[in-house]
Structures are given as structure tokens and as C-alpha cells.
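Let me begin by presenting the structure, written as C-alpha cells, before commenting on it.
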Amino acid sequence: MNKRDFLSIQALGSRELADLLDLAARMKRRGPGQVLAGKTLGLLFFERSLRTRVSFHVAMEQLGGHCLSLFADRDIYDLEAQDRAVMVGSAEEHVQDAARTLSRYVDALGIRHLPPATSWAEARAEALVRAYAEYASVPVINLETALEHPCQAIADMLTIRERLIDVRGRNLTLAWGYDPEPKSLGVSHSVLLSAAALGLNVTLAHPLGFELDPQIVEAARTRATESGGSVRVVNDLAEGVREAHVLYARSWRSLKFYADPERESIVKRSLEGWRIDGELLASTKNAIFMHPLPVRRNVVATDDVLDGPQSVIYDQAENRLHAGKALLVHLLGG
């Protein structure tokens, strides 16, 4: 069997995504098993992680396998991803050597890598993760890059299906929220793509200057057309949430100022009102409230929203475990 990587939610068509969600729901009901006994998952983290690391560790244990984590600040050499590089700089090892070596030890590799970048074009290329996928002989899983966070999106769609049952034709608003620090676009891109694939009507609500990647938005529109959903963009928060059955809050950085965080910070000073509070949530169609965590309380959303009866943020966090189990079985159980 040829190895299967999972680098983008776009690797799953609408039917495949629905099937994976069905599998996750069954595994959630069924509990632990021994499906992956004898298998080992390696996790490489170049950034901090809480939910991703713990959920994949527990997922492998519940499936009868093993998991190990490596961290860039103490376990991983500086890596070179460019082909035919003359390695006289800080990098001590080429990705091809690390990937081929790790492939002899583990049955799959999960990688989180969000490096500093001089441009969005450089960041969206996902050079290191793509290089690992090229050289590894085992499946490579994207645990978050600047471009996508597909594992989070699977958990989010599982949560939405649990709450809404029939998601086709329902309205999801993906709302930009103020955050003093620049945040990755990966979660927002993957949520947009997966919601569109399942037939939801997606509204992107964000200030001018905080547009998502145009290629991702166009891909989402194509997926929405095929599934019976839609994608629209508004630049007013109150308008954007009015018809929502799902209100998903998430901050993301500006592509316009991607290489200039100081300029982005100046622009955002006038956008602190982009916050989800109880009054705004009450103007929706009794929407469930979602956020992938971690969240800055009373900045992105207020306490009454985060802790209120419409909040499903901890359901999302729990479903990272069940989504991870389903994905691992999908990649390794065949």
C-alpha cells in the first residue's frame, strides 16, 4: 500500500470527510481498543502544544499503540529543507536524513511547524512539513502550519455535527477576533474548507486588511458549490453573526502586513471592538459558540460567552482525541 499523508483538509473530499467523521463518532461511542497494537507515532513539535500533543498521545494509547514527542528546543537539530543545499549555516542535518531515519523507527510522523517567515508566499509553502512528507516512507500528519490545521478542523466538524445533527444548509460564521499577538491562519483556513465541503453556508466576518488567503477562499467556494453550501465575506461583525447557527471566533494575522507585525499591531489598535460578548451572541440564531483554544478571555470573547450554555469549546477539545483516533486508523489501520 502506498503511504498516505495528511497535510491538508483538501486531501479529503466531501464524502471522505463525512466518512471520517462517522468513524470518529463510532470510536467515541466505542471507547478504547487495540486497533493499532504494535504501532508507534512520532510527534515533532517546533512550537508549543497542549491539546494536540496530549490528544495524540492518548489516542495512540487507547488504540493499543505507542507515542513519543520530540521538541525543537531540546531534541531536534537545526534542519535544512532546501534540496542540494551546501550546509555551511546553522543547520546540522538535512530533512531527508532525519525523515528517512525516523521512518525506520516509527509508523507515522506528526509535525507542527510555524516558522518566522519573510513573506506569506514563503510561509504558505510549508517547506519543512512538505519536505518531511517527500522523504519519509511513513505517513506524515500536519499538526499545524501557517497555512492549515486540518486535525483541528476534523474535531470542529465532529462537534458541529453532534450539536446540529444535519449540518447541510446551516449557517456558520467564522469571525475574526482581536488579539494583541499575530495568530496563525491555519485553523481558519481548515475550518473554512471543511465547513464548505460539508455544505454549510459560511460567512467570513473580518475587518478590511485581514482577508484570508485568496487561493484558500476560492477553493472553499468550489467545495461549497459542489456540496450545496456557500461562502460570503462581510466586514461588519454584527451583520456577519446575525443568521449564524454556529459562531466560530478566531483571530488571525494580516497577510498585508505579514512580514511587519509592528504595523499590524498599530492597525489592530482600532479593532479591539471585534469581540464576542453576550449581546452579540444573543443576536444569532441561538448559535453554538466555538473557539479552538487557547483563548484570551475577555479579549477575543467574554467570560459569559466562553462559560455560557451555548459554548462548546470543551467539546471541541475533547473531540481532538476522537478525531485523532479516527485519523490514525484511517492512515495506519489498513
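The values are calculated or read from the model by the stated rules, or taken from the named source; none is laboratory data. A quick note: this is a predicted structure, and the numbers were derived from the prediction, not measured. Neighbour counts run over all protein chains shown; Cβ positions are idealised from the backbone, glycine included.
Of note:
- Filter result for R297 (within 30 Å of H57 (Cα to Cα), touching a Lys or Arg at 6+ places or on another chain (Cβ under 7 Å) and of a type in the set (K, R)): no
- Test: residue in the stretch 173-187 that is in contact (Cβ under 8 Å) with a residue 40 or more places away in the chain, within 24 Å of V267 (Cα to Cα), assigned to a helix (DSSP H, G or I) and not assigned by TED's automatic domain parsing to the domain that holds L17: yes
- Residue that is farther than 16 Å from D156 by Cα, touching a Pro at 6+ places or on another chain (Cβ under 6 Å), crowded, with 17+ Cβ neighbours inside 10 Å and touching a residue at least 40 places away in the same chain (Cβ under 8 Å), where the choices are R223, R253: R253
- Number of residues in the stretch 261-316 that are among the charged types (D, E, K, R), over 22 Å from E243 (Cβ atoms) and in contact with a Ser or Thr (Cβ under 9 Å, 6 or more places away or on another chain) equals 5.
- Candidate set: the stretch 104-143, residues that are touching a His at 6+ places or on another chain (Cβ under 8 Å) and farther than 15 Å from I76 by Cβ; chosen: the one surrounded by the fewest Cβ atoms within 10 Å (Cβ to Cβ): E126
- Of the helices (runs of 4 or more DSSP H) lying entirely inside the stretch 206-316, those carrying at least 3 residues that are hydroxyl-bearing (S, T, Y) are 214-227.
- Members of the stretch 26-53 found to be of a type in the set (A, V, I, L, M) and surrounded by fewer than 16 Cβ atoms within 10 Å (Cβ to Cβ), listed by number: A37, L50
- Among residues of the stretch 281-334, those that are buried (at least 21 other Cβ atoms within 10 Å of the Cβ) and either basic (K, R) or at positive phi (or both), counted: 2
- When the stretch 123-138 is limited to residues that are among the small types (G, A, S) and assigned to a helix (DSSP H, G or I), the one that is nearest to K183 (Cα to Cα) turns out to be A123.
- Of all residues in the stretch 272-301, those that are more than 19 Å from P207 (Cβ to Cβ) have Cβ atoms under 9 Å from Cβ atoms of residues that are surrounded by fewer than 21 Cβ atoms within 10 Å (Cβ to Cβ) and of a type in the set (F, W, Y), 6 or more apart or on another chain, in L293/Y314.
Conditions tested, residue by residue: (1) hydrophobic (A, V, I, L, M, F, W, C); (2) assigned to a loop (DSSP other than H, G, I, E, B); (3) under 16 Å from L331 (Cβ atoms); (4) touching a Pro at 6+ places or on another chain (Cβ under 8 Å).
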| position | (1), (2), (3), (4) |
| --- | --- |
| A37 | yes, yes, yes, no |
| L43 | yes, no, yes, no |
| S49 | no, yes, no, no |
| R53 | no, no, no, no |
| H57 | no, no, no, no |
| L68 | yes, no, no, no |
| D73 | no, yes, no, no |
